[in-house]
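The values are calculated or read from the model by the stated rules, or taken from the named source; none is laboratory data. What you see is a predicted model, and the numbers here were worked out from it, not measured in a lab. Every residue, glycine among them, receives a Cβ derived from its backbone with ideal geometry; neighbour counts consider all protein chains shown.
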Amino acid sequence: MKPHVICHMVASLDGRIITSRWGAAPTTKAYETTAATFDAQAWLCGRVTMEKDFTDGLAPDLRPGTAPPDRHDFVADKEATSFAVAIDAHGKLGWEAGHIDADHLISVLTEQASDEYLAYLRRQGVSYIFGGTKELDFKLVLDKLSQLFPIKTILLEGGGHVNGSLLKAGLVDELSLLHYPVIDGAASSAAVFELGKQPGPPAKLRLKHVEQLPDGLVWLRYDVLGHH
Ligand SMILES: NC(=O)c1ccc[n+]([C@@H]2O[C@H](COP(=O)([O-])OP(=O)(O)OC[C@H]3O[C@@H](n4cnc5c(N)ncnc54)[C@H](OP(=O)(O)O)[C@@H]3O)[C@@H](O)[C@H]2O)c1
């Protein structure tokens with residue numbers, strides 16, 4: 001069964017998401033405390049967000065000629081109960097270990113990832129699943145995440161391109177948005193949902209929670225109703 005997907009993000013009033021542009025914005029604590037109110041077993045981010053905010057651009061240590069015993073999905077830690085999921089279709093990210101803090105790492109790949117990269121993930125103790133041949137099928141990805149791991153609810157934590165991919169595929173169930181009181185205006189910054197040149201019909205949402213938080217933040221929660 002598909003896990004429940006809650007997109008959890010901080011945005012400027014004009015929907016931009018690169019918080020580092022806002023100076024020493026006190027958004028991290030509120031982001032984490034509100035995230036902790038959800039009963040989620042996993043959080044998921046795109047390759048760019050992982051590289052910028054978590055791996056610091058670490059390159060994978062690929063050893064020529066190495067290969068895994070097979071090219072099937074791989075579960076490195078069968079006991080894990082909390083997870084960090086990286087969307088990394090081509091296998092570009094380097095990892096120091098098989099976890100981020102206490103969360104076991106799962107890399108979501110396509111068949112384009114090399115044997116050397118799979119062997120590298122196994123050495124680092126990172127789990128991986130294949131979500132497509134050339135393109136990722138996020139419905140398949142979510143199904144596999146719930147079948148192979150004890151994941152019922154996932155926090156979709158950006159960036160805008162990954163959020164947009166899941167929204168377009170009709171796979172986002174809720175939006176949890178922290179609005180920070182700044183107008184960013186930078187065209188170079190991704191928006192909460194990047195839907196590309198063919199965005200399709202607008203997604204309709206139903207407001208279900210409004211809360212004022214310290215530092216001028218407003219927490220809005222919505223159910224995603226679908227595309228109309
Ligand atoms: N304000 C917040 O709450 C918040 C939260 C998270 C992130 N952020 C910020 O958001 C920024 C990054 O956002 P972003 O939108 O540029 O990047 P992103 O969504 O983190 O990552 C985009 C990458 O993910 C992979 N990807 C996305 N959709 C895919 C698809 N349908 N199929 C295959 N691969 C797919 C691609 O990787 P490849 O290029 O390798 O193919 C793509 O380049 C960062 O500055 C980060 O700090 C802010």
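So here's what we get for this one:
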| quantity | calculated |
| --- | --- |
| Filtered residues of the range 11-32 (kept if basic (Lys, Arg) and either touching a helix residue (DSSP H, G or I) at 6+ places or on another chain (Cβ under 6 Å) or modelled with pLDDT under 95 (or both)) | 21, 29 |
| Residue in the range 40-60 that is more than 15 Å from the ligand (Cβ to nearest atom), surrounded by fewer than 16 Cβ atoms within 10 Å (Cβ to Cβ) and part of a loop (DSSP other than H, G, I, E, B) present | no |
| Residues located in the range 103-154, provided they are in a loop (DSSP other than H, G, I, E, B), within 14 Å of the ligand (Cβ to nearest atom) and of a type in the set (Val, Ile, Thr) | 110, 133 |
| Residue that is farthest from residue 133 (Cα to Cα), among those in the range 82-102 that are part of a loop (DSSP other than H, G, I, E, B) and within 16 Å of the ligand (Cβ to nearest atom) | 95 |
| Criterion violated by residue 32 - all others in (1) within 13 Å of the ligand (Cβ to nearest atom); (2) surrounded by fewer than 13 Cβ atoms within 10 Å (Cβ to Cβ); (3) in a loop (DSSP other than H, G, I, E, B) satisfied | (3) |
